[in-house]
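A.B. asks: Sharing a structure with you now.
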Amino acid sequence: MERNTNGLAVAPAGFSAETWQTFARDGLLVIDDALPSATVEALRATIDDQAKNHEGNIVAGDPRFAGLIDHPAHIGYMHDVYGDMLKLLRSEYFKRAPGQVTRNDWHFDGPRLLPFQVFGDRVPLRIKIGYWLTPLPEAGMGNLVYIPGSHRWDHLPQYHTHDPHPEEKRLLVRPGAMTLMWGGLWHRVDVNSSTTTRQNLFLEYGPSWLTASDRVVSDPAWAERLPREQRIIMRAYREQNQCVKPPERDVPLYLPRAGEPDAEAGLYADHVPLSLRKRSTWLETQGLA
Ligand SMILES: [Fe+2]
């Protein structure tokens with residue numbers, strides 16, 4: 001990764017107007033072959049080494065997962081939405097063995113009593129990245145089951161059951177595929193009547209002022225040893241108010257990409273520090289937020 005003299009790097013590529021429109025319409029965006037096969041193999045081997053079938057905060061639990069925090073296959077997409085206040089809210093792996101009994105029924109991720117959508121539905125407050133590491137060529141393999149467009153629905157009659165929905169779809173992908181899921185999308189997990197253990201990873205992101213889901217706060221000493229972007233994205237602040245007003249050294253997270261407009265050019269006097277200025281996200285500058 002190329003860095004300027006201050007050690008800052010440009011954000012990796014993310015959404016196009018077209019992929020954003022698909023994501024906003026369906027609540028799920030599938031990107032095939034997002035990871036090279038060597039990376040898929042390495043991640044599978046790392047998951048094989050884990051004792052449990054499911055674990056959270058994996059980026060802190062095994063150093064071989066830490067590179068996922070700012071992996072270039074997805075972090076540009078997250079920066080397009082959450083900008084310089086990007087935070088990793090949760091990281092987890094799943095091994096869903098053949099014949100598994102426990103599998104999630106219809107739900108959407110995040111709060112139910114006061115859902116994120118109450119505050120607006122143009123921009124999701126959480127996005128879940130999924131990496132699919134084993135083949136999912138057909139149904140009945142522990143697939144993600146989802147209803148396209150249902151991230152706009154407050155209610156689903158099938159909630160908390162495995163009753164089929166007429167518009168449900170199953171995720172069918174090759175190893176190395178990536179999914180982006182809008183926080184409010186209704187989904188469940190299919191039976192696994194195959195002979196394959198489904199292996200996948202989830203990484204959830206949002207603005208730093210949202211609470212994390214798999215930790216109170218990361219160990220600041222651990223975070224300090226991470227590369228700059230990973231350290232920032234973990235937001236291991238001793239004072240939680242820094243999740244609202246980040247320290248000056250953590251702004252900006254990334255440099256703007258070539259040709260991207262600076263929506264705030266000329267709007268601030270020189271004496272206002274970068275950490276106290278608004279910096280529009282890609283989504284805002286495209287008029288999509
Ligand atoms: Fe879920």
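A.B. asks: Which is buried (at least 19 other Cβ atoms within 10 Å of the Cβ), within 13 Å of the chain's Cα centre (by Cα) and assigned to a loop (DSSP other than H, G, I, E, B), of ASP109, ASP80?
C.D. replies: Step by step, each of ASP109, ASP80 is checked, and only ASP109 is buried (at least 19 other Cβ atoms within 10 Å of the Cβ), within 13 Å of the chain's Cα centre (by Cα) and assigned to a loop (DSSP other than H, G, I, E, B).
A.B. asks: Looking at the structure I just gave you, is VAL59 away from the ligand (no atom under 16 Å from the Cβ), assigned to a loop (DSSP other than H, G, I, E, B) and at pLDDT 95 or above? Steps first, please.
C.D. replies: Details: away from the ligand (no atom under 16 Å from the Cβ): yes; assigned to a loop (DSSP other than H, G, I, E, B): no; at pLDDT 95 or above: yes.
Considered against the rule, which asks whether it is away from the ligand (no atom under 16 Å from the Cβ), assigned to a loop (DSSP other than H, G, I, E, B) and at pLDDT 95 or above, VAL59 comes out as no.
A.B. asks: If you don't mind, another one. Give the residues of segment 263-289 that are in a loop (DSSP other than H, G, I, E, B) and in contact with a helix residue (DSSP H, G or I) (Cβ under 9 Å, 6 or more places away or on another chain), sorted by residue number.
C.D. replies: ALA263, TYR268, PRO273, ARG279, SER280, THR281, GLN286, LEU288, ALA289
A.B. asks: Okay, moving on. Tell me whether segment 47-60 contains one or more residues that are surrounded by 20 or more Cβ atoms within 10 Å (Cβ to Cβ), in contact with a Phe, Trp or Tyr (Cβ under 8 Å, 6 or more places away or on another chain) and over 30 Å from TRP209 (Cβ atoms). Show your work before the answer.
C.D. replies: Pass one, segment 47-60, residues surrounded by 20 or more Cβ atoms within 10 Å (Cβ to Cβ): 47, 58-60.
Cutting the leftovers down to in contact with a Phe, Trp or Tyr (Cβ under 8 Å, 6 or more places away or on another chain) gives us 47, 58-60.
Retained after the next criterion (residues that are over 30 Å from TRP209 (Cβ atoms)): 47.
Within segment 47-60, one or more residues are surrounded by 20 or more Cβ atoms within 10 Å (Cβ to Cβ), in contact with a Phe, Trp or Tyr (Cβ under 8 Å, 6 or more places away or on another chain) and over 30 Å from TRP209 (Cβ atoms).
A.B. asks: In segment 86-131, which residue that is closer than 21 Å to VAL145 by Cα and without any contact (Cβ under 8 Å) to a residue 24 or more places away in the chain is farthest from the ligand (Cβ to nearest atom)?
C.D. replies: Among residues in segment 86-131 that are closer than 21 Å to VAL145 by Cα and without any contact (Cβ under 8 Å) to a residue 24 or more places away in the chain, the one farthest from the ligand (Cβ to nearest atom) is VAL101.
A.B. asks: Another question about this same structure. Go over the candidates GLY14, GLY7 one by one and state the one that is crowded, with 16+ Cβ neighbours inside 10 Å and either in contact (Cβ under 8 Å) with a residue 24 or more places away in the chain or within 22 Å of SER280 (Cα to Cα) (or both). Before you say what the answer is, go through the steps one by one.
C.D. replies: Values: GLY7 fails: crowded, with 16+ Cβ neighbours inside 10 Å.
Exactly one residue qualifies, and that residue is GLY14.
The values are calculated or read from the model by the stated rules, or taken from the named source; none is laboratory data. Since the model is a prediction, treat every value here as computed from it, not as a measurement. Reconstructed Cβ throughout: ideal geometry from the backbone, glycine too, with neighbour counts over all protein chains shown.
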